[in-house]
Amino acid sequence: MALVLESEKDANYLINEINNGLRSNVPAEQSQALLKFPILVHRYPFPVVINAIFSKIVDLFRDGSNFQRLSILYVCQQCAQHLDSSKVRNSDYVIKIVLGVCHSNDPSARALAVRLLASLPGLTADNCSVHSAVCSALDSHWPVELEAAVWATHRLAPLSPALSRGAADRLLASVGDLRVDPRTKLALYAACCSLGRAGGDAIGLLLDRLRGELADCPATEAQSVLLRVLTRLSLMSPASLPATLQLHCRRLLSGKLPDGDNSEANDGDDRGDSGGETRPRLRRILLANLLAMAGPAAAHHWTLAEVCRLVRFIEAATATAAASSATPAGAEDALVVDDGLQVAGALAHGDAYRLLLEAGLLPLLRRIVYANSADGVGIGVALALDVAVRIAVANRDADLAEELAALLTDRLPRSVAAAVEPALDRLLGAWHSLLGRFPHLGDVLFTPDLLADLLNVGGGDAQRRLAIRAVRCLASLTVRCRPGIDCADWLAGWLSKRQDGAAAEQIEAACALLFKTDCCRVGRPLPSQDAAVLSSLGGLNNWQAYRIARAASKHGRLGLAGQIFAQLVNSAQERPAFWLRGLALLCQAEANGSAGFQDVNEEDPLARLDEWCERLREALASFVSANGTGGDPGALWFPVAFAGRRFHFVAACQSFATLAYQLQPGRLAAVQLAAAADEADAEAAAARRLRAACVDADPGSLAQVDCLAWQMTALASLMRALAASDAATDNPPPPLPLIIPTPSASPTEDADKDDPMLDDADAGSAESAGQVAWQRSQLPYACATQCQLMQSIVDACWDRLTQLRSQHSLNSPAGRELLLETLWRLLRCPFCLPRYFFQRLQRTRISLHVTPARRAAANPEPVKVGVDYVLKVEGVVEQTGPVLLRRLASVAVVVAVRPHSTAASGSDIAAGFESATSARGGWQQRLTATLPVPTDYFSKQFVLSFNRRPGLYLIKVHVHPIDKTGAQWSAVEKERVYVRVSN
């Protein structure tokens, strides 16, 4: 018997294997069959496949043992996203079978049944019988069943108001029952966290009962659970939030103040606790709950009284921590101070910063910072600086911002030298917030002294790792403020010396920062900097040098990138050699071509354009060779297409320049200009089609493709205006203004966690509560510069065109000079390679299934003339990757019909789908439906009529994804069906 690999098994093969295994009486074979069900569902997530197996699995859940039920529960949790009402047709039967197990005499079986029902919210969230089973399980005295009921409440209550109300009534009666043991009460307390949809009255009664339990409950564990439940329920019911906030603040202050008036309250708060660490633990729990209530949704409920209590508590805790800094209790108090500062930092985000100023927090922060001036590297100092920065930004206090900038610059290298990673994260986050409001303070941050402290840091691997991370984060801060020429000179000098012991990561980070310095603003870097980068590559391997080269190409340093790529060609294999040679030729062509048009008076510009086109043609040929040499033949489609569009743009500019030199005023010139404008529009349309095909591209790469279309559109508008004037019309139409969208700094997920050399920012560690979110630029700086320069070129062109029209001199040599000047300026515009040229951060895949599926012309589907033909289209969307830059919101399904004899070529078929009318493409029927994709599945039935003459017909189905912005991509999945129409 031939061995069949798991990846080669189709749906029918897997279904047969699972059916045979489930029918077996051997438990091991049944378990193996169950484990294959997630493989089948994830590979073929269609209803017909799921329903073929799922009913039999449910029958096994009813008749099997608890071990088999546990295996089924594990399997269903793995593929729960596909087991919803849109795919499972017999959901009532499934719920009926599982509910039968809920009435078993075995508490373990009942618990497994409740967990299975909660694991399938797409089927059970709105079922009243399921709600009754969960509420009944909440009354159970068996711990295993009660834990299952609590877990089911957490899963289903947020989705069902009916279950929330029923569970609230059960819990309201059980929480106050003295016969319930403490362990069961803890589980019931935890179940209350998910009852936010029970209604205001039910939540209010439940909160009153829980507050009473908090006053009477002595155990620390119970108090921590109750505090968390009170906070979560209050956040779900804003009317109850002020009372809970006041309760937490009073409990925090009375538990902390050392005066004699509060000694009785302190003893009462902590009775029943053991050991000396109970009070700090309770304070930290209270502060964690206050931090949850200090977020943007609840910060406006804070009053001056609560803020004053918080500030007084931080002040007292700071004094206690300073007095006992050498003891374990002092360390606990220091952690309490840090938690209090996090709450204050969360409040400083909104309008509550005024309350912090009135409560006297700023003098306290100064004392915390300057009291630790000897080292100043702890997380407490970093938190204090972070809170002060937020207050300065919110209050727009420039004097305070300058003071904080000096302190941040002083503490940053100290935190690296001490290897305190949380403090470094806070300091960098504070810098990002500060530069967002006061960008001129970048001169305080970007100094050669700070770079020297970071890149020449001593110590071990931990210090070096944090220093590299700090330099990468500084590169991300260049979105707010560009470093000056002094930083660029220092970095170039450091790279040229390449001090002993410098790691490859340090060189990469220094190069990334150098590429973003202010000297690159005009796109003409200094040769000495390129030489410094080249000299630093001696000890790096080929992959590290390649990363630096593509980072240079992303930021517009094409001459440097071309030299590095050319050096790597000799050490590469066949396909990588073609790829690297194409990159080297493309970068050198762009660098030399744009540099040659800085001054067009010395040589013949047409000869330069001819040389530019020849080099681009060689680069394109090299990319085509790499795409066709081994590996996936479509892996390099975007580099081939993008280089081809760039070649067509330069070739079009060459033809336009030739036309401009030969123009003579008159109607013939008008005809030639109009034809050239049509050619430019065709090139712009081709660039827009390329953009629509970039399904998984990042925003920067899409903007680079847009630049090609914008340039052609601008030239077309200009030439049409000149043609109208040369045609001697009475009222020539004014040119349409071209508005090129410029990038704005906004949060985005545009990051590649595996390749920091391609990142616009390095976000560091995961964001903690109250930490400033990292703001990232939507487009790379070089791409943003190109967009802004293009907009200025277009604006200047329109201004000059308006001036010439007012002087009635458009049909003179002045119009030709304007066209040539616009061409030279567009060609002079800096250029950079998009990130999608090298990598894609996400992958979008649509699995399409058409019923009936007759894909061969030799075996068509028989259809009678005049009888409606129903075609069902189903699809599953899968988006994967480290980040999702373009999330899919809906799909456009296009179904078209034409006689098979006329479908001659693929280009004709594509034209038929592109046309707005069916007559142009030859399609007799064309149906379109836009389907939302709330989860990952879509389905639609189309009714086609064949009332024409008999014959063989071709039905083509295209699926166009539509992202959340409404942009429609090119078809990513296609299917075809053949039908034979007869009388």
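The values are calculated or read from the model by the stated rules, or taken from the named source; none is laboratory data. As the structure is a computational prediction, the values presented were derived from the model and not from experiment. Using ideal geometry, Cβ is built from the backbone for each residue, glycine included, and neighbour counts are taken over all protein chains shown. Side chains are part of the model used for accessible areas, which takes the heavy atoms of the whole protein and leaves out ligands, DNA and RNA. Shrake-Rupley method; radii C 1.70, N 1.55, O 1.52, S 1.80 Å.
Descriptive notes on the structure:
- Counted residues, the range 135-166 - those being part of a helix (DSSP H, G or I) and over 37 Å from the mean Cα position of the chain (by Cα): 9
- From LEU123, LEU112, residue being surrounded by 19 or more Cβ atoms within 10 Å (Cβ to Cβ), touching a Ser or Thr at 6+ places or on another chain (Cβ under 7 Å) and either closer than 22 Å to VAL48 by Cβ or aliphatic (A, V, I, L, M) (or both): LEU123
- For the range 25-45, the candidate set comprises residues that are touching a Gly at 6+ places or on another chain (Cβ under 9 Å) and open to solvent by 10 Å² or more (accessible area, probe 1.4 Å); within that set, the residue that is nearest to ASP936 (Cα to Cα) is LYS36.
- Of all positions in the range 856-865, at least one carries a residue that is in the same structural domain as PRO932 (by the TED database), in a loop (DSSP other than H, G, I, E, B), closer than 18 Å to GLN925 by Cα and in contact (Cβ under 8 Å) with a residue 40 or more places away in the chain.
- Looking only at the range 525-563, residues that are over 31 Å from the mean Cα position of the chain (by Cα) and of a type in the set (Val, Ile, Thr) come to 1 in all.
- Among the residues of the range 564-589, the ones that are under 31 Å from the mean Cα position of the chain (by Cα) and not hydrophobic (A, V, I, L, M, F, W, C) come to 2 in all.
- Scanning the range 393-412 for residues that are assigned to a helix (DSSP H, G or I) and closer than 18 Å to LEU310 by Cβ turns up at least one hit.
- Test: THR935 is among the hydroxyl-bearing types (Ser, Thr, Tyr), at pLDDT below 85 and under 17 Å from GLU874 (Cα atoms): yes
- Within the range 423-440, being free of Cβ contacts under 8 Å to residues at least 60 places away in the same chain and open to solvent by 10 Å² or more (accessible area, probe 1.4 Å) holds for ARG437, PHE438, PRO439, HIS440.
- Test for ALA452: is it touching a residue at least 60 places away in the same chain (Cβ under 8 Å), in a helix (DSSP H, G or I), farther than 25 Å from LEU365 by Cβ and hydrophobic (A, V, I, L, M, F, W, C): no
- Take the conditions (1) among the charged types (D, E, K, R); (2) outside the structural domain of LEU287 (by the TED database); (3) touching a residue at least 24 places away in the same chain (Cβ under 8 Å); (4) surrounded by fewer than 21 Cβ atoms within 10 Å (Cβ to Cβ); ASP397 misses just one of them, which is (3).
- Applying the condition of being of a type outside the set (A, V, I, L, M) and open to solvent by less than 10 Å² (accessible area, probe 1.4 Å) to the range 322-372 and asking which residue is nearest to ALA382 (Cα to Cα) yields GLY345.
Residues checked against (1) touching a Gly at 6+ places or on another chain (Cβ under 8 Å); (2) touching a residue at least 40 places away in the same chain (Cβ under 8 Å); (3) open to solvent by less than 50 Å² (accessible area, probe 1.4 Å); (4) closer than 24 Å to LEU195 by Cβ:
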{"residue": "SER91", "(1), (2), (3), (4)": "no, no, yes, no"}
{"residue": "SER104", "(1), (2), (3), (4)": "no, no, yes, no"}
{"residue": "LEU116", "(1), (2), (3), (4)": "no, yes, yes, yes"}
{"residue": "SER129", "(1), (2), (3), (4)": "no, no, no, yes"}
{"residue": "VAL150", "(1), (2), (3), (4)": "no, yes, yes, yes"}
{"residue": "PRO158", "(1), (2), (3), (4)": "yes, no, no, yes"}
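- Residues satisfying the stated conditions in the range 189-202, i.e. of a type in the set (A, V, I, L, M) and buried (at least 23 other Cβ atoms within 10 Å of the Cβ): ALA191, LEU195, ALA198
- Residue in the range 858-878 that is under 42 Å from the mean Cα position of the chain (by Cα), aliphatic (A, V, I, L, M) and open to solvent by 50 Å² or more (accessible area, probe 1.4 Å) present: yes
- Set ILE72, ILE97, ILE53: member being free of Cβ contacts under 8 Å to residues at least 60 places away in the same chain and within 35 Å of the chain's Cα centre (by Cα): ILE72
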